[in-house]
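First the structure, in the form of structure tokens, and then the observations on it.
Computed from the coordinates by the stated procedures, all read-outs in this text should not be read as laboratory data. Everything numeric here is computed off the predicted structure, so don't read it as measured data. FYI the Cβ positions are ideal-geometry reconstructions off the backbone, even for glycines, and counts take in every protein chain you see.
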Amino acid sequence: MSRNIEILGRSPVILQLKALARQVAVTDVTVLITGETGSGKEVLARFVHEHSRRSAKSFIPVNCGAIPAGIIESELFGHERGAFTGAVQSRKGYFESADHGSIFLDEIGETPLETQVKLLRIIETGVFQRVGASETISADTRIIAATNRNLHQEVVDGNFREDLYYRLRSVELQLPALRERGSDILLLAEHFVHEFESKHGITFEGFTPESTELLLRYPWPGNVRELRNLIESLLILERGKQISPDILERHLVQRSRNKSLVHDPVRTEKNELNLIYGSLMQLRQEIGEIRQMLQQLQPTRITAPQFLLPVPAGQEPPALENDATPPKPSIEEQTATLEELEKRSIDAALLKFGGNKRKTAQALGINERTLYRKIKEYGL
Ligand SMILES: Nc1ncnc2c1ncn2[C@@H]1O[C@H](COP(=O)(O)OP(=O)(O)OP(=O)(O)O)[C@@H](O)[C@H]1O
Ligand SMILES: [Mg+2]
């Protein structure tokens with residue numbers, strides 16, 4: 001069993017948590033880890049995995065908050081060939097890849113409600129279906145979930161299923177905030193000093209007693225991550241010299257100011273991933289839409305439906321009497337660019353549904369986000 005992960009800390013609350021984590025690690029029970037950002041949820045999840053009989057198998061972390069709703073199920077459960085546009089091959093999901101190992105569902109509070117039903121089913125019965133498959137399969141995968149949201153509040157707000165919440169909560173490992181861990185702050189600071197001294201080849205002259213006091217009093221909203229980042233920048237920017245309270249204060253103030261402008265690096269990376277996933281999804285959907293449109297518009301010439309035709313320049317639109325047939329437009333009039341067609345379809349649908357975006361998007365068979373983008377793009 002490889003046990004590289006250590007949860008540093010000697011405060012009673014951490015010792016208790018570690019004992020509980022060891023105790024549940026050897027079972028296959030689903031675990032929910034809660035705690036503020038940067039408090040060490042992922043470290044604890046790895047600790048649980050490494051102290052389980054599954055330690056030689058995969059630990060697969062999945063950031064549920066970074067995967068767009070449209071593809072989360074195929075990512076988790078896999079898909080069959082042809083399940084959706086672009087599914088040219090069948091593919092295993094994370095649950096199958098983590099067979100005999102553990103899956104870490106990070107930010108589980110951000111999972112869409114439809115997916116939550118499927119997660120509950122896996123927890124209760126151990127079975128699931130690949131997207132587009134008719135048969136159910138099972139995987140021996142242990143679930144470790146984490147959240148920094150108040151899941152109870154999410155249940156109250158209707159964003160999280162109550163049954164899944166109670167199922168997950170049966171074993172909850174609560175990570176304390178760093179400010180509640182007393183002298184662990186100094187123990188962790190010392191650990192990070194050693195880490196960065198050797199990483200950057202710097203000798204650190206230490207903190208004055210007053211700045212040590214300040215380290216203990218500071219509330220650490222970013223928890224262990226904030227402490228680790230602070231120690232690294234102190235060592236580098238102050239070149240190892242002794243840290244007085246005013247230097248420390250300056251760094252703490254600067255960091256909190258920067259943080260409100262630029263998010264911390266992990267969040268930024270997450271956002272970028274999110275954007276990339278989002279764009280890929282949109283691209284896939286648009287290719288599908290264009291393909292469908294082309295199939296409908298065969299052969300070669302793209303013919304506009306009558307109600308979308310442009311009014312020839314200099315002419316008034318023909319006044320339609322109740323049962324009057326409008327004059328047949330020439331072939332040239334009947335052709336329009338795809339863009340023009342799209343614009344007019346959206347315009348007409350918006351009009352039809354009194355500007356209701358959800359209904360319009362549904363009628364056009366596109367998602368709401370695409371509709372918003374197109375409205376903006378065409379200045380509708
Ligand atoms: N007990 C610990 N011992 C050593 N390092 C720790 C400990 N707890 C956290 N860390 C370090 O702090 C940083 C943040 O930890 P981690 O990513 O596990 O936090 P998190 O709770 O998952 O944060 P987020 O909510 O932002 O996802 C990491 O660099 C990790 O190595
Ligand atoms: Mg995390």
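For residue 254 and residue 156, compute 0.36 nm times the residue count separating them, minus their Cα-Cα distance, and round to one decimal in nm. Could the numbers behind the result be given before it?
Numbers: separation 98, 0.36 × 98 = 35.28 nm, distance 3.73 nm.
Answer, rounded to one decimal: 31.5 nm.
Ordering 244, 212, 222 by Cα displacement along the dipole of the range 179-261 toward the positive end leaves 222 in first place; charges were set at the Cβ atoms of Lys, Arg (+1) and Asp, Glu (-1). Packing around the peptides 140-153, 167-180, taken as the average count of other Cβ atoms within 10 Å per residue, puts them in this order, highest first: 140-153, 167-180.
Quick one: net charge around residue 64, please, counting Lys, Arg +1 and Asp, Glu -1 for every other residue with C-beta under 10 Å from its C-beta.
On the way: positive: none; negative: 75, 106, 107, 110.
Cβ neighbours under 10 Å give a net charge of -4.
Simple spin-label estimate for residue 117 and residue 199 gives 4.5 nm between the two label positions (7 Å along the Cα-to-Cβ direction from each Cα). The distance between label points at residue 217 and residue 29 comes to 4.2 nm (points 7 Å beyond Cα on the Cα→Cβ vector). In this structure, the residue pairs whose Cα-Cα separation is over 22 Å, taken from 18/92; 199/241; 92/118; 18/199, are 18/92; 18/199. Annotation: amide H of residue 39 within the under-5 Å range of 224, sequence separation 5 or more or interchain, hydrogens built in the peptide plane.
Ordering 376, 343 by the number of other Cβ atoms within 10 Å of each residue's own Cβ, fewest first, gives 376, 343. Our estimate of slack between residue 340 and residue 16, defined as 0.36 nm per intervening residue step minus the Cα-Cα distance, is 110.1 nm. A Förster radius of 45 Å combined with the Cβ-Cβ distance from residue 85 to residue 53 puts the calculated FRET efficiency at roughly 0.65.
Rounded to the nearest 5, what is the percent of antiparallel bridges among the DSSP beta bridges in the range 12-176? Don't skip to the answer; put the middle values down first.
Values: 3 of 20 bridges.
The antiparallel proportion sits near 15 percent.
On the basis of the beta-carbon distance and an R0 of 25 Å, residue 7 and residue 180 show a calculated FRET efficiency of 0.95.
Between the listed residues 115, 25, 160, the Cα displaced farthest toward the positive end of the dipole of the range 12-176, a dipole computed from Cβ unit charges relative to the Cα centre, is found at 25.
Let me know the shape class of the range 179-261, please: from the alpha-carbon gyration tensor, a ≥ b ≥ c as square roots of the eigenvalues, rounded when a/c is under 1.5, otherwise prolate if a/b is greater than b/c, or oblate. Since a/c stays below 1.5, the shape of the range 179-261 is classed as rounded.
In a simple Cβ point-charge model (Lys, Arg +1; Asp, Glu -1; nothing else charged), the range 90-133 has a dipole of about 280 debye relative to its Cα centre. About its Cα centre, the dipole of the range 179-261 is roughly 380 debye, where the only charges are +1 on Lys and Arg Cβ and -1 on Asp and Glu Cβ. A protection proxy built from the mean count of other Cβ atoms within 10 Å ranks the segments 57-67, 357-367, most packed first, as 57-67, 357-367.
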